[in-house]
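S.K.: There's a structure below that I have some questions on.
The values are calculated or read from the model by the stated rules, or taken from the named source; none is laboratory data. None of the values given here were measured: they were computed from a predicted structure. Here Cβ is always computed from backbone atoms with ideal geometry, including for glycine, and neighbour counts include all displayed protein chains. Side chains are part of the model used for accessible areas, which takes the heavy atoms of the whole protein and leaves out ligands, DNA and RNA. Shrake-Rupley method; radii C 1.70, N 1.55, O 1.52, S 1.80 Å.
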Amino acid sequence: MNNVLIFDMDGTLYHTDNFVDEYIEMLTDEVGIQQEMKNDYRSIMEEFSSEAREHFHKDDMPLGDVWQVVRFISSKQDIPVDYQFDVFLKIREKMIEEKMIEVDDRLIHTIKRLKNPTVLMTNSPEDSATPFIEYLDLNNIFDHQIYDAKKPFNMERHINEIKAIYPDCNIYKIGDNLTNDIHSSKALGLNTIYINHYNTNALNDVTVFSLEELNEYLYKNFVEV
């Protein structure tokens, strides 16, 4: 039986939070608010890094990745959502233009060597996501791309579409967001590979704790075989 690998993008094909301070400074000119938001971000990350932490929620909201944490602390300041999105697009452009993303060359090389059908599924809009894919040198590598996926709410629809293309296949969902990528996929009976950037608790059947470990897992299980 064939395997189909579905990759998230942010936190999965690359991982960084070195944009956060600049992003916050672009959101508001108020120095006091900037500092409060930076402190909130660091406090949440420190809390989520605790070994005792098994679920990443604040005020009953799932915060499964860096972008969700940043949106959470922005919402606390009542920054309009439309303005947040405009700044999101601007900082994403800067991340590419100023090479703020460190590329894991071994992971990229492994992904290129995969013989399995591969799917990119990201909540990022296409105009924002495609420059990242080009920067990572993964242009034309994925067999299918799903942008603005609206995970986890539209996960079932996307999976049904993939199953229609690849019937009788094993589907692996690979991602760093426990709610959006992992729980929603497991509910549909998929295999899941969770990249836990927060702490070293094994929160899933298959858990890796860095992109280096993801590369090793993919190479051993899908390239060497």
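S.K.: Just to be sure before I move on: is Asp127 surrounded by fewer than 18 Cβ atoms within 10 Å (Cβ to Cβ) and under 28 Å from Lys220 (Cα atoms) in the structure I sent?
M.R.: The answer is no for Asp127.
S.K.: Can you name the residue in the range 96-116 that is part of a loop (DSSP other than H, G, I, E, B) and under 18 Å from Tyr217 (Cβ atoms) and, of all such residues, is farthest from the chain's Cα centre (by Cα)?
M.R.: Filtering first and then ranking leaves Lys115.
S.K.: Now, a different point. Output the residues belonging to the range 109-139 that are closer than 21 Å to Gln68 by Cα and hydrophobic (A, V, I, L, M, F, W, C).
M.R.: Hits for the range 109-139 are Leu120, Met121, Ala129, Phe132, Ile133.
S.K.: So which residues in the range 19-37 are open to solvent by less than 60 Å² (accessible area, probe 1.4 Å) and hydrophobic (A, V, I, L, M, F, W, C)?
M.R.: Once the filter is applied, which keeps residues that are open to solvent by less than 60 Å² (accessible area, probe 1.4 Å) and hydrophobic (A, V, I, L, M, F, W, C), the range 19-37 yields Phe19, Val20, Ile24, Met26, Leu27, Ile33, Met37.
S.K.: Which is of a type in the set (A, V, I, L, M), under 24 Å from Thr130 (Cβ atoms), out of contact with any Lys or Arg (no Cβ under 8 Å at 6 or more places or on another chain) and open to solvent by 80 Å² or more (accessible area, probe 1.4 Å), of Ile195, Ile159, Ile165?
M.R.: Of Ile195, Ile159, Ile165, the one residue that is of a type in the set (A, V, I, L, M), under 24 Å from Thr130 (Cβ atoms), out of contact with any Lys or Arg (no Cβ under 8 Å at 6 or more places or on another chain) and open to solvent by 80 Å² or more (accessible area, probe 1.4 Å) is Ile165.
S.K.: Is there any pair with a first residue in the range 25-54 that is under 16 Å from Ser74 (Cβ atoms) and modelled with pLDDT of 95 or more and a second that is among the charged types (D, E, K, R) and open to solvent by 60 Å² or more (accessible area, probe 1.4 Å) whose Cβ atoms are under 6 Å apart and which are 6 or more apart or on different chains, and what are they?
M.R.: Gln34/Glu25
S.K.: If you don't mind, there's one more thing I want to ask. Is one or more of the residues making up the range 1-18 of a type outside the set (Ser, Thr, Tyr), farther than 30 Å from Glu134 by Cα, loosely packed, with under 13 Cβ neighbours inside 10 Å and modelled with pLDDT of 95 or more?
M.R.: no
S.K.: To continue, here is another question. I need a count of the residues in the range 167-209 that are assigned to a loop (DSSP other than H, G, I, E, B), among the hydroxyl-bearing types (Ser, Thr, Tyr) and without any contact (Cβ under 8 Å) to a residue 60 or more places away in the chain.
M.R.: 0
S.K.: On the given criteria, is Phe142 under 24 Å from Val66 (Cβ atoms) and either modelled with pLDDT under 95 or of a type in the set (A, V, I, L, M, F, W, C) (or both)?
M.R.: yes
S.K.: Determine, yes or no, whether Leu203 is surrounded by 14 or more Cβ atoms within 10 Å (Cβ to Cβ), under 26 Å from Asp86 (Cα atoms), among the aliphatic types (A, V, I, L, M) and under 18 Å from the mean Cα position of the chain (by Cα).
M.R.: Spelling it out, it is not the case that Leu203 is surrounded by 14 or more Cβ atoms within 10 Å (Cβ to Cβ), under 26 Å from Asp86 (Cα atoms), among the aliphatic types (A, V, I, L, M) and under 18 Å from the mean Cα position of the chain (by Cα).
S.K.: Determine which member of the set Ile73, Ile133 is crowded, with 17+ Cβ neighbours inside 10 Å, in contact with a strand residue (DSSP E or B) (Cβ under 8 Å, 6 or more places away or on another chain) and in a helix (DSSP H, G or I).
M.R.: Ile133
S.K.: Exactly one condition in (1) touching a residue at least 40 places away in the same chain (Cβ under 8 Å); (2) within 19 Å of His183 (Cβ to Cβ); (3) not basic (Lys, Arg) is false for Val69; which is it?
M.R.: The single condition Val69 does not satisfy is (1).
S.K.: So, in the range 117-144, exactly how many residues are more than 15 Å from the chain's Cα centre (by Cα) and β-branched (Val, Ile, Thr)?
M.R.: The qualifying residues number 2.
S.K.: Please verify whether Glu213 is open to solvent by 60 Å² or more (accessible area, probe 1.4 Å) and over 18 Å from Thr118 (Cα atoms), treating the condition exactly as stated.
M.R.: Taking the combined requirement at face value, the residue satisfies it.
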